[in-house]
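Note sheet for the following structure.
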């Protein structure tokens, strides 16, 4: 498997899996300071995965990264997230003077997070549809990004989780067969 195929097989599925996982935790009710800290950590992580997937699906100009067009004739429309991704950048990634205060309507809270997640899911479905019949169709493995399946799997991690292999779905994919009846088209 070459680097381009490996990226589609392992890394794109990881980005999608982690977007789904962090999004799930952003739906949990915040009752305590510890909950708020966990929410903030998941929000920032969600922002990373959302940005990576947004740049991939919209074919960002950065030549150092793979784009959807490297695999299929596909470009996602940025319009539905107009402003949200910039606001997310200012809120999470930019430590300067442009950070949005907590009461600013530009803040990317749960409603905008949900909009971003839905946009990613819709566009990933369209992208995967474009892969069908092409040379990369057999490389994309939807089970690697199947959050329910991976959460349900019980893994025996060697001595402890050290984070060196970040895609737990890779281990699960080789142990647990894909769920039948799941259509990822």
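Restricting to the range 1-46, and then to whatever is more than 16 Å from residue 146 (Cα to Cα) and under 10 Å from the mean Cα position of the chain (by Cα), can you tell me which residue is surrounded by the fewest Cβ atoms within 10 Å (Cβ to Cβ)? Of everything passing the filter in the range 1-46, 45 is surrounded by the fewest Cβ atoms within 10 Å (Cβ to Cβ).
Scan the range 78-108 for residues that are under 17 Å from the mean Cα position of the chain (by Cα) and either farther than 19 Å from residue 120 by Cα or modelled with pLDDT of 80 or more (or both) and jot them down.
78, 81, 84, 85, 88, 89, 92, 93
Which of the residues belonging to the range 12-30 are touching a residue at least 60 places away in the same chain (Cβ under 8 Å) and in a helix (DSSP H, G or I)? Hits for the range 12-30 are 12, 13, 14, 16, 17, 19, 20, 21, 23, 24, 26. Each residue in the range 59-89 was checked for being within 25 Å of residue 138 (Cβ to Cβ) and not in a helix (DSSP H, G or I), and 10 of them qualify.
The values are calculated or read from the model by the stated rules, or taken from the named source; none is laboratory data. Computed from a prediction, not measured in an experiment: that's the story for all the values here. Cβ: placed from backbone, ideal geometry, glycine included. Neighbour counts: every protein chain shown.
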